[in-house]
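Derivation of every value follows stated rules applied to the coordinates shown; laboratory data play no part. Keep in mind that what you see is a predicted model, and the values were worked out from it rather than measured. Cβ placement follows ideal geometry from the backbone for every residue including glycine, while neighbour counts extend to all protein chains displayed.
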Amino acid sequence: MAKTKAKPRAASRAQARPAARRKTAARPSTRAKSKARPRAKQTFTVSHPSETDFAGELRRYAKYRDLGISAATDGLVQAHVIQFVPPCLPEEVSKLHYHDVEFQMVYVLKGWIKTELQGQGGITMRAGSCWIQPPRIKHKVLDYSDDCQVLEIVLPADFKTVELE
């Protein structure tokens, strides 16, 4: 009787295996449909915080701390901390623009920032808020706190900002 019970179990396991194999076999065809991205050379890097690392670059009202990610990814990704310079002057910062990027993520580290994004209206982001700015979305900074700092990650590292005003 024990032999009879063992046979159905073995048979049910054998039947289950082909189903699992069929599922696994379907995965490569799904992956084949996605865009193949060339792998960038990547090297180890570390960036420890220091106030002296912040440099004025693109705009008077913001200082940037490069985290070394662009060099470490051979230009695939840019990551920097942006420290906004007080006081916020809306006539200076509130210029409509977009970035010619593939990916852009912003995370508020300290303070708050109010932005206006195309189709979204004005949104106040606070410490801990995170958002994705889709490629070429029109937006502008409306206001920010005196202690505002954000982490920005952008792909590719070298991108163009297009001012619309």
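Using a simple spin-label model with points 7 Å from Cα along the Cα→Cβ vector, what separation in nm is obtained for Lys95 and Leu151?
Inter-label distance under the simple model: 2.8 nm.
Taking 7 Å along the Cα-to-C-beta vector as the label spot, tell me the Lys41-Ile137 distance in nanometres, rounded to one decimal.
Distance between label points: 3.5 nm.
Rank-order 111-120, 140-149 by packing density, defined as the average count of other C-beta atoms within 10 Å over each peptide's residues, highest first.
140-149, 111-120
For the pair Leu164/Ala71, report the inter-label distance in nm, with labels modelled 7 Å from Cα in the Cβ direction.
Simple spin-label model gives 3.6 nm for this pair.
In µm²/s, what is D for region 51-163 at 10 °C and 1.306 mPa s, where D = kT/(6 pi eta Rh) by Stokes-Einstein and Rh is the Kirkwood radius from Cα pairs?
Taking Rh from Cα pairs, D becomes 112 µm²/s.
Sort Phe84, Phe54 so the one with the fewest other Cβ atoms within 10 Å of its own Cβ comes first. If you can, show how the numbers build up before the last one.
Numbers: Phe84 23, Phe54 19.
So the residues, fewest neighbours to most, are Phe54, Phe84.
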